[in-house]
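The structure appears right after this line, and notes come after that.
Taken together, the values in this text are just the output of simple stated rules run on the coordinates, not laboratory data. Computed from a prediction, not measured in an experiment: that's the story for all the values here. Here the Cβ is made from the backbone with ideal geometry for all residues, glycine too, and neighbour counts use every protein chain on show.
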């Protein structure tokens, strides 16, 4: 076969996969952008048409959107910070285990392996103020007189964060454990010869060399947490101060059938996540260069 024909053959071989990616990925994204510039409500057929940046102007003045954006930011910052902290602790512990490491790692991964719907349903039962396991145990040991409404206005966001940290900390732990395995033992031996203790070795060797893996974990977790929907929807339905931007978008699109305004919020959320991902990718690049 002539070499000049190879690129053409490669194109035709890749064409089915490229077509699939365009149809499944690019077309829905493009349709959201188009709808974001239109007034398009399925309940009011006569009120449809091009409005330009009207939906985005409405979004800028929407107090509910900004409130939910604050909820989303708070949830992301708190949950990801705790997941990094506990994930690092779990990774360090697993890295030091000599016997039963496979069983211990499997046990740590188990919460992450559960589907989010299953985990959220389980936590909704555990935190139920009437029949929940937490209130039952606290009552039996004499630490509780009145049931605590864990999913009520005061503690709902805290409960959602706890459920998310339990569910996704294993993901962070596995990434950081892979990073710990990549650090040569010679570095620790050299640090020990210089008289460095565990804390000094952690600060001078482990943490700097683990920065690229921390950056990867941050990238995935921040992007995922900022789009949180299923866990919150099952636990609270967005009530009690837990409504995030994704929940608001869902209500706008499917409950109120406002495709135009819902698409504008989707584009705004996409832009926020995109900017965050660019910043985190930059951090990954810097972390990799300083390793």
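Between residue 53 and residue 146, the modelled label-to-label distance comes to 5.1 nm, taking each label 7 Å out from Cα in the direction of the beta carbon. Its residues counted as N, segment 145-227 yields a C-alpha radius of gyration over 2.2 N^0.38 Å of 1.58. Extension gain, residue 102 to residue 137: 0.36 nm times the residue separation minus the Cα-Cα distance gives 9.5 nm.
Here the average projected area of the convex hull drawn through the C-alpha atoms of segment 114-258 stands at 12.5 nm². As a length-normalised measure over Cα pairs under 8 Å and 6 or more apart, the relative contact order of the chain settles at 30 percent. Between segment 235-249 and segment 182-201, how far is it from one alpha carbon centroid to the other, in angstrom? Going from one Cα centre to the other spans 47 Å. Using only the alpha carbons of segment 65-170, what is the convex hull's orientation-averaged projected area in square nanometres? One quarter of the hull surface, i.e. the mean projection, equals 8.6 nm². Here the sum of -39500 (n - 2.57) over DSSP H runs of 4 or more residues, divided by the residues of the chain, equals -22500 deg cm²/dmol at 222 nm, to the nearest 500. Taking every Cα-Cα distance in segment 9-59 and sorting them into 5 Å bins from zero, the calculated P(r) comes out as 4, 18, 16, 16, 12, 10, 8, 7, 6, 2 percent.
Specify, per residue and in Å³, the volume enclosed by the convex hull of the alpha carbon atoms belonging to the chain. Spell out each step's value before the answer.
Values: hull volume 68.4 nm³, N = 291.
Hull volume over Cα atoms, normalised by residue count, gives 235 Å³.
Principal axis analysis of the Cα atoms in segment 105-161 yields extents of 37, 25, 16 Å, listed in decreasing size.
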